Every structure is written in C-alpha cells, then in structure tokens.
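The values are calculated or read from the model by the stated rules, or taken from the named source; none is laboratory data. What you see is a predicted model; the values in this text were computed from it and never measured. As a convention, Cβ positions derive from the backbone with ideal geometry for all residues, glycine included, and neighbour counts pool all protein chains shown.
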Amino acid sequence: MEQIRRTKVVELLQLEDFETTVNVKGWVRTRRGNKQVNFVALNDGSTIHNIQIVIDLGKFDDELLKPITTGACINVNGTYVESQGKGQKGEILAKEIEVFGTADPATYPLQKKGHSLEFLREIAHLRPRTNTFGAILRIRHHMAYAIHKYFNDKGFFYFHSPIITASDCEGAGSMFQATTLDLNNVPRDEFGEVNFKDDFFGKQANLTVSGQLEGELGAMSLGAIYTFGPTFRAENSNTPRHLAEFWMIEPEVAFNDVNDNMDLAEDFLKYLIAYALENCKDDIEFLNEMFDKELIERLKFVLSNDFVRLTYTEGVDILEKSGEKFEFPVYWGADLQSEHERYLVEKHFKRPVILTDYPKEIKSFYMKQNEDGKTVRGMDVLFPKIGEIIGGSERESDYDKLMKRVDELGMNVDPIWWYIESRKFGTAPHSGFGLGFERLILFVTGMANIRDVIPFPRTPNNVEF
Ligand code: 4AD
Ligand code: MG
C-alpha cells in the first residue's frame, strides 16, 4: 500500500478539501450495500461519528473484502469526496484496503446494536468500541484535562500524595492492606499478633483512602494545592455510586475558611460542567438522546442556579417535617443516606445543595470544631441524581483541640504523628474538599451506574480485566 499520512476521522469530518487522497485507519462498525457497491462505517475512536468508506466491489478482490465485517480493523487509502448521501459532508472512495485484524462474526460479541449495559460490563475489554463507551471515555478525558486546567489557571499546584500510606485518613477502617508477607505463613509476635516488623515497610501499610492528610501539608507550604489520583476503599457497598477503586480530586487551600471552601467547590463544579457542554458537545448530545433525555437540561440548570447553602440541622428539620416515607429513619445525629440527600435536592429545593455543620460523631477527626461542642465545619455538596458529589471541611488547625478529638476517638497517633505535629509549627486556618471523579462523570454523562463511567471498575467480587 502507498504510504500516506493518516488522518483521524474527527479531522476528516471537518475537511473541506475534496478530491484529496487520504489515509484512514479504524474499526468497522457496519458494512452494507449491494452487488456493485458497499458502504463501510468506520470509527477510529477520535469522535462519536463514523466516516463512510465507499467500496466499488468491481475494483477489489473478493477474498480481500470478505473479512471486512463488524469489528475488523482496516487501513484504507482513498479519495475524500463530497458525499452523495445525507448525514455527512464527505466520504472516502476506497483505492487500496488492507485488513489489519479480522473479527469473526460468529464470535465477535458486538454484532448488533443495543446491548444492555449489564452485558457490556462483562465484556469491558471490548465495550470502549461502542458508541456509548467511546462517548463516556472521551468525556472522562476532557474532564480530567479541565480539572488540571482549572487549578493551573488559578495558581494551584498539582501535589502528588502517596498511594501507599500507613494512616487512615477517613478513620473508617475500610482499607486494603499493602503487604508482601506470605499469607500462608504469617509471622506472629509473642501475643499472636501479625508481626509487621517483618513486612516490607516494617509496619502495617495500606492503599490510601484519601490524599488529604498529605495534601494539607502541601497547602501549608505551597499555599494552594490539589491532588488527583486513585483512592481505594474496601467498603462492602454494592451500590451504583460506590467503587473500591475510584479517582479523587482534593484541593486544599491555606487561609480558606469553610465559606471560601464552598465558593471554590461551586465555582469548580460549574466550570467543569460548562467545559463539558462546550467541549464534549457531540458525545453529550448522543448520551442525551440515548440514555437521559433531561441530561443537557440538567447540566444547564446547575450552571444557571446558585447552590442552596444550609446547615445539617436545618436540613434534618426539613426532612423530618417532609412527611416523606424514607427507608432509613432521619433524626438529628443520623448519617444522611442518598435518599435523604436526593429528597432535599430533587424534591425540596430543586437545585444543588451544600450542607454544613454536621454532628461531629458522623464526621472525621480532622474537621474544625464549632463553638457549640457538637458540630464540625464540614460541608457536603449534594447533586441531583447523585447525592453526595463532594465532601470537605475547614480543618481543625488548633493543636490542643485536634489532640483532644484524637484522644476522644481512641485513635492511634503513631501513624499520623507528622500530621498532628503540623499544628505545632506555623499552623493556620485551611480548608479543602474531595470530589469523586466518577461521581462527576456520572453527572456529566447522565449514566446511572458508576461501573459504567470508568474503563475497568473494581467492586466487591469483581477485579476482572
Ligand atoms: O466524603 P469523602 O470520604 O471525603 C474524603 O475522603 C475527604 N478526605 C475529602 C477531603 O476533604 N479532602 O470522599 C470524598 C468524595 C465523596 O463526596 C464522593 O464523591 C467520593 O469521594 N467517594 C466515592 N466515589 C466512588 N466510590 C466510593 N466508594 C467513594 N467514596 C467517596
Ligand atoms: Mg463523605
């Protein structure tokens, strides 16, 4: 075949230069036609749209054309011409074709359109080839880029918190251990306890549940940082909103109080949604059409409305008076469930809500304690269809108060001595939050299950691929 520089489909679809010779490579979506001419819809992942390859059967050997079936990968040289048909500007009249890889119609699972999302999860190695997952994964990319752009433009520094740690930031104890000990022959000390002195790090280590504690140290030196990395939670929650491995974005800012923190969270989310609407138009329109007819409307609605801000106490009061039958009881002190959060957002206020000042018992040890001795300066951002999308707080910057709380909770200071010590040396007010990246992608794509917005989801009993 003649060597011609490859043009991506996304660029071809913009091309006005008809009658030029081009090369395109991609995967066959469909092939149809008659005895004289065939039409192949080719997709290379660069856009949701396909380019049409027109094949004059008289000009090619039958044997060469036979394996050009759905799923096959082909390399095509041809003339880019103005399209005769509707729905596309241009198409390619094939001059030379090479088959890179065949896909046996008897076994290639993505033959017909309209597979269920459940089925596609079982073939996660192939589902990025579908329109739906192509769209989701492109949006995911653009959102990751927009996150870096947002913070970079605002003077935040990307801070790399460790993946392996010895501490438990959220104190929930739902950690995956990181060990090189032989599990069939675990060394034990004189009390029969596992002897971590013999382990790789000489102490118990785990995969991080959050980069926040280290991120705070970044903020207390660089001023404003953000982390963006994988986090791990061994909670046995099989819900459409929980993953065992998810990505989290955690900004942390010196001198910000909880109100500044809420302003940042709202501005950040609106920036990302506006970015998606502007830069992922084709993919969002496709998802709006196929899965969620209110998607675009919902995204625009969030952009054009202020988030409601109220305290946990006020929120619980509204829920108690709502007369709504909830599966989980609601009372002051209860940890709010997604049904409660969604009631406030979808039924009561009909817009995003930020709840603040939660009871200290249901929040982590590091949150700034309020004067009342009962509540802490936490803030959760609640979104339609999602519930909690962001969790954050102003941090307790006072050494004595922090130590008192650590003692009350009976926490072991050994793995976090360095964090506590930071309150002794130039402590300052500071705040931050964590945005669950997949929850953001759920919102922006309108998908209903978090397993469908990450290439290879990890959930209880599932680590395939
Ligand atoms: O509310 P979380 O647990 O807060 C923290 O980890 C803090 N250290 C963040 C901070 O202040 N820097 O988690 C933050 C967000 C949640 O609001 C949710 O969007 C997401 O992370 N999240 C999960 N996403 C998917 N699967 C899970 N199992 C998640 N757990 C939390
Ligand atoms: Mg939370």
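Whenever a residue of region 163-174 is within 21 Å of K197 (Cα to Cα), its partners that are assigned to a loop (DSSP other than H, G, I, E, B) and away from ligand 2 (no atom under 15 Å from the Cβ), lying with C-beta atoms within less than 6 angstrom and at least six residues away or across chains, give the pairs I163/T208; I164/A178; I164/A205; T165/T208; A166/K203; A166/A205; D168/M175. Of the candidates F232, F286, the single residue that is of a type in the set (F, W, Y) and within 13 Å of ligand 1 (Cβ to nearest atom) is F232.
Annotation: of all residues in region 188-215 being touching a Ser or Thr at 6+ places or on another chain (Cβ under 7 Å) and closer than 20 Å to G392 by Cα, the one that is surrounded by the most Cβ atoms within 10 Å (Cβ to Cβ) is G211.
Have a look at Y150, Y108 and point out the one that is farther than 30 Å from G58 by Cβ, touching a residue at least 24 places away in the same chain (Cβ under 8 Å) and among the hydroxyl-bearing types (S, T, Y). Selected residue: Y150, the only one of Y150, Y108 that is farther than 30 Å from G58 by Cβ, touching a residue at least 24 places away in the same chain (Cβ under 8 Å) and among the hydroxyl-bearing types (S, T, Y).
Of the set (1) at pLDDT below 95; (2) of a type outside the set (S, T, N, Q); (3) surrounded by 15 or more Cβ atoms within 10 Å (Cβ to Cβ), all apply to V381 but (1). Cβ-Cβ contacts under 7 Å between residues 6 or more apart (or on different chains), taken from a first residue in region 355-373 that is under 11 Å from K401 (Cα atoms) to a second residue that is part of a loop (DSSP other than H, G, I, E, B) and within 12 Å of ligand 1 (Cβ to nearest atom), are listed as F365/G171. Can you name the residue in region 224-260 that is more than 24 Å from the chain's Cα centre (by Cα) and in contact (Cβ under 8 Å) with a residue 60 or more places away in the chain and, of all such residues, is surrounded by the fewest Cβ atoms within 10 Å (Cβ to Cβ)? So the residue we want is F255. How do the helices (runs of 4 or more DSSP H) wholly within region 357-465 filter down when requiring 2 or more residues that are touching a strand residue (DSSP E or B) at 6+ places or on another chain (Cβ under 9 Å) and within 12 Å of ligand 1 (Cβ to nearest atom): which remain? The helices (runs of 4 or more DSSP H) meeting that bar are 437-445.
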